[in-house]
1. Would you mind telling me which numbered condition in (1) over 14 Å from residue 357 (Cβ atoms); (2) modelled with pLDDT under 90; (3) open to solvent by 60 Å² or more (accessible area, probe 1.4 Å); (4) not aliphatic (A, V, I, L, M) residue 489 fails?
2. Do you know which residues across segment 135-159 are among the hydrophobic types (A, V, I, L, M, F, W, C) and either within 28 Å of residue 77 (Cα to Cα) or open to solvent by 20 Å² or more (accessible area, probe 1.4 Å) (or both)?
3. For residue 514, indicate whether it is within 23 Å of the chain's Cα centre (by Cα) and over 15 Å from residue 359 (Cα atoms).
4. If you go through segment 388-439, how many residues are among the basic types (Lys, Arg), open to solvent by less than 40 Å² (accessible area, probe 1.4 Å) and either farther than 20 Å from residue 489 by Cβ or modelled with pLDDT under 85 (or both)?
5. For the structure I just gave you, tell me whether residue 331 is out of contact with any Gly (no Cβ under 8 Å at 6 or more places or on another chain) and assigned to a helix (DSSP H, G or I).
6. From the set of residues in segment 117-134 that are more than 22 Å from residue 199 (Cβ to Cβ), touching a helix residue (DSSP H, G or I) at 6+ places or on another chain (Cβ under 7 Å) and open to solvent by 40 Å² or more (accessible area, probe 1.4 Å), which is modelled with the lowest pLDDT?
7. Out of (1) open to solvent by less than 40 Å² (accessible area, probe 1.4 Å); (2) free of Cβ contacts under 8 Å to residues at least 60 places away in the same chain; (3) among the polar types (S, T, N, Q), what's the single condition that is false for residue 34?
8. What number of residues within segment 241-265 are surrounded by 15 or more Cβ atoms within 10 Å (Cβ to Cβ) and at pLDDT 90 or above?
Amino acid sequence: MSQTKYRTAPDPNATGWPAGVPYIIGNEGCERFSFYGMRAILYVYLAYLMDDLGGLETKAAEDEATHLYHLFVAGVYALPLIGAIAADRLWGKYNTILWLSLVYCAGHACLAIFENSISGFMLGLVLIAVGSGGIKPCVSANVGDQFGKGNWHLVERVYQAFYFIINFGSFFSTLLVPWLKEHYGASVAFAVPGILMGVATLFFWLGREKFVHVPAKPGGVLGALDTLSGTLMFFTIGAPMFFGAFFPAFAALAWFVKLAISVAFLAAGFAVFALRQRMQPDDGFLAVLFYALKVRFTGREEAPLAVAFVDGSAGAPGVGAAVAADTEGLASHWFYGPAVRRFGVEAAEGPWAVLRIALVFAMVTVFWSLFDQHGSSWIRQAELMDRHFDIFGWKFEMLASQVAAMNPVLVMMLVPLFGFGLYPGVEKLTGWKMTPLRRMSIGMFVASTAFVCVALIQIALEGDPTHPVHVAWQFVPFLLITVAEVMVSVTGLEFAYTQAPRRMKSTVMGFWLLTVSFGNELVAVLARFEGLPLVTFFWLFAGLMAAAAAIFSVISAFYRYRDYTQ
């Protein structure tokens, strides 16, 4: 579909809401309902598949279900790296969202159709990971694309609505879909999220003439080569992370063969990248980083590109006064200096800033390994608990997979409470500025205490199986992990956006999402340790989080904030 008949930039004179916003909000609400509804029953159903069809004992089936659940989530949050490249360089955001949404729908259809086939079910998870992961970096950026200078003041409000609809959809789907599975079977329960994803895709298509369609650059052959090289390089880490779960022959290979396959993907990616650079030099993240490495090893510099500005003065296009001050002296840097002289300050500062931020992000990986367990190991614990309620004579039994609905409700309550109450209150009373990294450090320690709580609950469960602990006790760790989410996840997005140079904001968001992927990969690996009791599993993660929080606090103390206000 050609984008030439659509507006490619927002109207700078428009002061009201862009016409495409209702379609975007409707699309996001339905898509999040479909994803979180499917995910609410995923662990429980995977445990059934591994037990009933896979022939595993109960404990082994639960461990394998935990492994596959977190491997799936890891894929959802790793694939945005490819989706972002494809959207920015080849297809544009609109086409990327539309076509990968259809892949997403196909994945849901597979889950509903192949409920009693392990291979068919796994195919559905792969398609959902590709669809959901591929559109993830595009959707929120597509919102911002709709606003121009005249209505930019409304951006904050639209993202508030965006965040609300995500949690609104998550809450109701987490309650409804497990109920559908209990009363109508897994096929219906997986089909309903698929229908909602179809409605989400329809909403998005209906808004096609209302949206601003920002075209991909460079597009064409160069864009295809950029996407291909990025995809090949992704599989340098993607092959060892994901291939083993879906290709048993790969899992059986020796470690050095797997390493050789990863190196082959990396070499192929480099070859495609080199071909693209010979056709037309690029000034993106990889081009700048590889050029700096090449000069470091060879000592040979190339002539400046026509768009380069060697000094960091505020007069250089795209370089504001604050950025110029922060990058002062970069032209003489021992590593980045040659890149500045060839590409200019704005392009060359990108890898420098991204790598600094990535160092801070490294410890956040452990937080995500804890947080996403409320959809796997915490459900496993809830299945052992007393879930009967009697509220003013209304008696019912809550399903284990419905307990996680506490999280989105608490998020909607805590975000305004922290933003407008706690943070300003602490600063006013103590004079201690609640910087993003301080908030994140505290949140990571809080996450550790959440796992101390679930470990203590598990000890109580195993101590007297005849008198199970009531599931209401899980409210305490859910409250703690949601407090940690608000302090780490919401703040981390703010930190990533404000500390990234203008040209590198999408790349930095890709690194942020990659921390979620690596965190889930950590759980997937540890879940396969034979004989690891659940209480030991919880204590292990509580200790890992405390150690990661301490290291993060030290790294944060030495971080120098940059001003990239646009």
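The values are calculated or read from the model by the stated rules, or taken from the named source; none is laboratory data. Fair warning: this is a prediction, and the values are worked out from it, not measured in the lab. Ideal geometry is used to build each Cβ from the backbone, glycine not excepted, and the neighbour counts take in all protein chains shown. Note: areas computed on protein heavy atoms with side chains; ligands, DNA, RNA excluded. Shrake-Rupley method; radii C 1.70, N 1.55, O 1.52, S 1.80 Å.
1. Answer for residue 489: the failing condition is (3).
2. Just the residues of segment 135-159 that are among the hydrophobic types (A, V, I, L, M, F, W, C), to begin with: 135, 138-139, 141, 143, 147, 152, 154-155, 158.
Across segment 135-159, the qualifying residues are 135, 138, 139, 141, 143, 147, 152, 155, 158.
3. Numbers: within 23 Å of the chain's Cα centre (by Cα): yes; over 15 Å from residue 359 (Cα atoms): no.
Taking the combined requirement at face value, the residue does not satisfy it.
4. Step one: list which residues in segment 388-439 are among the basic types (Lys, Arg), which gives 395, 428, 433, 438-439.
Right, trim to open to solvent by less than 40 Å² (accessible area, probe 1.4 Å) and you get 439.
Checking which are either farther than 20 Å from residue 489 by Cβ or modelled with pLDDT under 85 (or both) leaves us with none.
Adding up the residues that qualify gives 0.
5. Numbers: out of contact with any Gly (no Cβ under 8 Å at 6 or more places or on another chain): no; assigned to a helix (DSSP H, G or I): yes.
So residue 331 fails the test.
6. Kept after step one, since they are more than 22 Å from residue 199 (Cβ to Cβ), are these residues of segment 117-134: 117-123, 126.
In the following step, the residues that additionally are touching a helix residue (DSSP H, G or I) at 6+ places or on another chain (Cβ under 7 Å) were identified as 118, 120-123, 126.
From what's left, open to solvent by 40 Å² or more (accessible area, probe 1.4 Å): 118, 123, 126.
Details: 118: 88, 123: 93, 126: 94.
Among them, the one singled out is 118.
7. The single condition residue 34 does not satisfy is (2).
8. 4
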